[in-house]
Amino acid sequence: MATCGQGKRVRFYQVTELITQLMEAREQRELTRLKKQLAKLDLLILDELGYVPASKLGSELLFDVISTAYERFSLIVTTNLPFENWTEVLGSERLTGATLDRLTHRCHILETTGESYRLQDAKRRHTKSSSKQPRLTK
């Protein structure tokens, strides 16, 4: 939010959405154009890496974006997977190693623990709605 407030160019993608757009752009011979647009960003946020395994081509295209971002602009990646499980998503130890090498060099790793904020919110909303229900008394 602060980066947007500073007038910086920011883009948010779910990883699966970005991979899909990259693959479609490649099929339509517009991949270079999309990559140039991404390269103009100040911050790229990639959300939910690891929820869906990527195809070989999808992993390679994602790596290309991460590699382009490396030391050129800021990148935030969210995941629920420890690094040792990234091969399950990216499909190749070599590609996973190269991706992690770029992401972990000069980075800040923030690990969160505890209950999901979505679950907390659902519980809070459920408690509020049940307290508003009319009650029958004898």
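The values are calculated or read from the model by the stated rules, or taken from the named source; none is laboratory data. Please read these numbers as outputs of a predicted model, since none were measured by experiment. Cβ coordinates were reconstructed from backbone atoms using ideal geometry, including for glycine residues, and neighbour counts include every protein chain displayed. Ligands, DNA and RNA are excluded from the accessible area calculation, which covers all protein heavy atoms including side chains. Shrake-Rupley method; radii C 1.70, N 1.55, O 1.52, S 1.80 Å.
Here Leu81 meets the list (1) hydrophobic (A, V, I, L, M, F, W, C); (2) farther than 25 Å from Arg26 by Cα; (3) over 15 Å from the mean Cα position of the chain (by Cα) almost entirely, failing just condition (3). The set of residues from region 82-118 being exposed (fewer than 10 other Cβ atoms within 10 Å of the Cβ) and polar (S, T, N, Q) comprises Thr112, Thr113.
Being within 21 Å of Thr112 (Cα to Cα), acidic (Asp, Glu) and surrounded by 13 or more Cβ atoms within 10 Å (Cβ to Cβ), is that true of even one residue in region 32-50? Yes: region 32-50 contains one or more residues that are within 21 Å of Thr112 (Cα to Cα), acidic (Asp, Glu) and surrounded by 13 or more Cβ atoms within 10 Å (Cβ to Cβ). Each residue in region 1-18 was checked for being open to solvent by less than 70 Å² (accessible area, probe 1.4 Å) and under 11 Å from the mean Cα position of the chain (by Cα), and 4 of them qualify.
Among the residues examined, Thr68 qualifies as more than 13 Å from the chain's Cα centre (by Cα) and of a type outside the set (A, V, I, L, M).
Scanning region 69-81 for residues that are open to solvent by less than 40 Å² (accessible area, probe 1.4 Å) and not in a loop (DSSP other than H, G, I, E, B) yields a total of 1. Considering (1) open to solvent by 60 Å² or more (accessible area, probe 1.4 Å); (2) outside any helix (DSSP H, G or I); (3) touching a residue at least 24 places away in the same chain (Cβ under 8 Å), the lone condition that Arg29 does not fulfil carries the number (3). For the residues Leu34, Leu41, Leu57, the requirement of being more than 13 Å from the chain's Cα centre (by Cα), under 18 Å from Gln21 (Cβ atoms), at pLDDT 95 or above and part of a loop (DSSP other than H, G, I, E, B) singles out Leu41. Does Thr99 count as under 16 Å from the mean Cα position of the chain (by Cα) and not in a helix (DSSP H, G or I)? It is false that Thr99 is under 16 Å from the mean Cα position of the chain (by Cα) and not in a helix (DSSP H, G or I). If the condition is being among the β-branched types (Val, Ile, Thr) and in contact with a strand residue (DSSP E or B) (Cβ under 8 Å, 6 or more places away or on another chain), then region 1-55 contributes Thr3, Val10, Val15, Thr16, Ile45.
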